[in-house]
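Values in this text are rule-based calculations from the coordinates and carry no lab data. Treat the numbers as computed from the prediction; the structure is a model and nothing was measured. Please note: Cβ atoms are built from the backbone with ideal geometry, for glycine as well, and neighbour counts cover all protein chains shown.
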Amino acid sequence: MIDEKYDVLIIGAGISGLYAAMNLPEDKKVLVVCKDVPWECNTFYAQGGMVTALNDADVPVHIEDTLAAGAYHNDKEAVEILSRTSLETTADIIDKGMAFDSNAEGKILYTKEAAHSVERIVHAGGDATGRYMHYFMMVQNKHQLQKNTLVYDLLIEDGRCYGVKATVNYEPTTIYADDVIIASGGIGSLYAYNTNSRTVSADIHGICVEKGIELADMEFMQFHPTVFVDTPYARKLLLTEALRGEGAHIVDDEGRRFLFDYDDRGELASRDIVSRGIFDYKRKTGKQAYLDFSMFEAEWFEHRFPNITRTFAAIGYHFPQDKAPISPAFHYANGGIKCDINGCIPGMEGLYVIGEAARTGVHGANRLASNSLLEGVVFAKRATNHLLHKEKKAFQTPAFEKDYGNILHKENDKIYKQRLRQIMWDDIGIIRTTKGLHEAKNLIYDMKNKEIGRLLQLRLNTASAIVDAALARKESLGSHYIENE
Ligand code: SIN
């Protein structure tokens with residue numbers, strides 16, 4: 001049962017939302033809401049692992065790897081905080097009982113992914129890190145969690161947030177809170193090919209656009225290089241970068257490791273370079289790209305990547321002997337709702353943003369692999385610290401009459417959503433042209449003027465922010481690549 005008023009409302013039950021909840025004391029009245037069931041979030045599908053600096057000496061090395069992958073567009077202070085705080089947050093999670101994979105002597109096993117100088121990624125369940133961490137945090141969370149809650153408005157007046165309007169089990173409901181933490185994830189459902197949970201559809205970003213809250217770095221959308229896209233489902237099947245970290249190759253139909261044509265590091269170049277290389281090579285040659293595991297011994301592979309082995313066996317691929325056909329697909333929003341190093345949104349009282357929804361500046365123009373689970377915990381902790389220690393100011397809650405609860409969907413939304421997903425993939429994808437971006441901008445604008453529901457309107461607001469940011473950046477940088485005619 002939802003009450004009218006909370007101390008803290010957290011929108012999203014992925015790693016950042018749940019770790020924020022874990023860091024709020026039990027005597028606070030906290031509500032965590034999620035759109036669907038709690039495990040329908042990107043955290044649940046994260047495979048490879050979570051980065052952690054190994055020790056003090058590794059902090060500057062991790063910082064440099066993060067900056068280099070981000071094309072030095074990162075906020076250096078945020079990256080330093082990310083890396084240094086990882087020593088404390090990883091220890092905290094382990095102390096509270098999270099079991100990362102370890103050897104027979106109980107020593108944690110670290111893996112490597114692209115663009116990391118050393119093995120510093122902790123993992124769980126082999127290739128099911130997100131699922132294990134999510135379960136651990138669900139069990140740790142002592143606060144109320146309400147599923148099936150779709151937020152369609154933020155209650156904002158004169159630079160303060162007072163709560164949200166949402167459907168709770170399909171009933172329009174107003175939820176007031178002294179502080180609201182946005183932990184709603186990224187924008188995956190905007191793209192035809194993506195690895196994200198179907199719940200991740202940029203609604204809150206779209207509300208922010210409407211309210212004049214700034215989104216930043218929205219041109220930097222990250223595409224994961226190794227995804228199996230030949231499935232009818234919206235969420236395409238990720239083949240974790242840890243596979244390449246352990247030694248898998250990317251090859252063409254003749255078994256040639258063509259990525260060395262693009263970068264000396266081959267498969268282990270940063271994600272933007274590998275994605276672009278695969279996309280370009282397929283386009284140029286008409287050849288298929290594959291992930292090749294034939295170098296691995298079967299028993300080891302099944303033990304190290306049990307979920308991938310099982311999932312693909314169910315659709316007829318037998319790893320490690322079979323190769324997997326791959327394509328890049330949208331994976332992660334490097335940009336997001338602009339905030340400071342405590343998750344505070346400039347000019348706004350009572351509103352925080354953390355996790356993939358946030359633009360803290362840690363990722364720059366391209367996120368270093370497996371830095372996202374880490375960002376989720378580090379900045380959730382900072383936001384809750386700030387919230388708990390700030391000076392409390394008394395306020396009166398105004399009345400918010402306007403409600404969109406009965407116009408969330410309209411008849412033709414499905415058709416327009418599909419069209420939008422294709423436009424985003426074709427024109428605001430891995431390789432962009434100025435002409436394509438202008439065409440996309442016009443098509444998005446046209447759709448906004450159709451008879452559409454509130455939720456599609458919000459998606460289109462976010463899509464506009466992405467295309468505008470891409471048009472504003474004339475030169476290629478990191479994951480924003482412009483090929484001019
Ligand atoms: C993966 O396992 O390849 C995804 C890791 C990430 O996106 O950081």
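General observations
- Mean separation of Cα contacts under 8 Å, 6 or more apart, over the residue count of the range 64-150: relative contact order %: 19 percent
- The stretch between residue 468 and residue 439 holds 9.3 nm of extra length on full extension. This uses 0.36 nm per residue minus the Cα-Cα distance.
- Shape of the range 1-140, Cα gyration tensor, a/c cut at 1.5: prolate
- One Cα centroid belongs to the range 367-398, the other to the range 149-183; the line between them spans 17 Å.
- Each peptide in 41-48, 416-423 was scored by the mean count of other Cβ atoms within 10 Å over its residues; highest first, the order is 41-48, 416-423.
- In this simple spin-label model, placing a label point 7 Å from the Cα along the Cα-to-Cβ direction at both residue 3 and residue 27 gives a separation of 1.5 nm.
- With a Förster radius of 22 Å applied to the C-beta separation of residue 299 and residue 109, the computed FRET efficiency comes to 0.85.
- Contour excess over end-to-end distance, with Cα ends at residue 61 and residue 37 and 0.36 nm allotted per residue: 4.8 nm
- Rounded FRET efficiency, nearest 0.05, which uses the C-beta distance separating residue 87 from residue 391 and R0 of 45 Å: 0.90
- Protection proxy ranking, peptides 14-21, 366-373, 340-347, average beta carbon neighbours within 10 Å, highest first: 14-21, 366-373, 340-347
- Length gained on full extension, residue 318 to residue 284, computed as 0.36 nm times the residue gap minus the Cα-Cα distance: 9.3 nm.
- In the chain, helices alone account for a calculated mean residue ellipticity at 222 nm of -10500 deg cm²/dmol, with every DSSP H run of four or more residues adding -39,500 (n - 2.57).
- Within the range 119-165, trypsin sites (Lys or Arg not before Pro) in DSSP loop having at most 16 other beta-carbon neighbours inside 10 Å: 142, 147
- Loop chymotrypsin sites (Phe, Trp or Tyr not before Pro), the range 359-400 (other Cβ atoms within 10 Å of the site Cβ: 12 or fewer; DSSP): 395
- Pairs from the table (35/338; 338/392; 76/112) all lie within 27 angstrom of each other at Cα.
- Loop-located GluC sites (Glu not before Pro) in the range 221-321 (DSSP state other than H, G, I, E, B) with a sparse environment of at most 12 neighbouring Cβ atoms within 10 Å: 254, 297.
- Amide H contacts of residue 154 (H built 1.01 Å from N, under 5 Å, at least 5 apart or other chain): 165
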